[in-house]
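See structure below.
The values are calculated or read from the model by the stated rules, or taken from the named source; none is laboratory data. All values derive from a computational prediction rather than experimental measurement. Positions of Cβ are generated from backbone atoms using ideal geometry, with glycine treated the same way; all protein chains shown enter the neighbour counts. We work out accessible area using only protein heavy atoms, side chains counted, and drop any ligands, DNA or RNA first. Shrake-Rupley method; radii C 1.70, N 1.55, O 1.52, S 1.80 Å.
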Amino acid sequence: MENKKYSSYEEIELELKILKLEKEISYQKMVWNVQKVKEGLAPKRIINEGVAYYKSIISNSYGMILGATIPIIIKWLKRKRGN
């Protein structure tokens, strides 16, 4: 970091205000990130996301299951009618 040269106390005060605001912004970002992590780790949220994940797996495979079982059922019904 290079040394800055100031020509007045006003410049120093302005730089200190800017640094203070940057520090506050960084602190608020950190607080916000911690809050988001807390929300993400909440048991209710974890359970809801798990249920949603398994629901999507089941709904995606539902069509495949039906596609595989319908022909088997049709063949079974044809055999039953034929006997």
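Ser8 falls short on exactly one of the conditions (1) modelled with pLDDT under 85; (2) surrounded by fewer than 10 Cβ atoms within 10 Å (Cβ to Cβ), and that condition is (1). Regarding Lys80, is this residue within 30 Å of Lys4 (Cα to Cα), open to solvent by 100 Å² or more (accessible area, probe 1.4 Å), assigned to a helix (DSSP H, G or I) and not aliphatic (A, V, I, L, M)? Answer is no for this residue.
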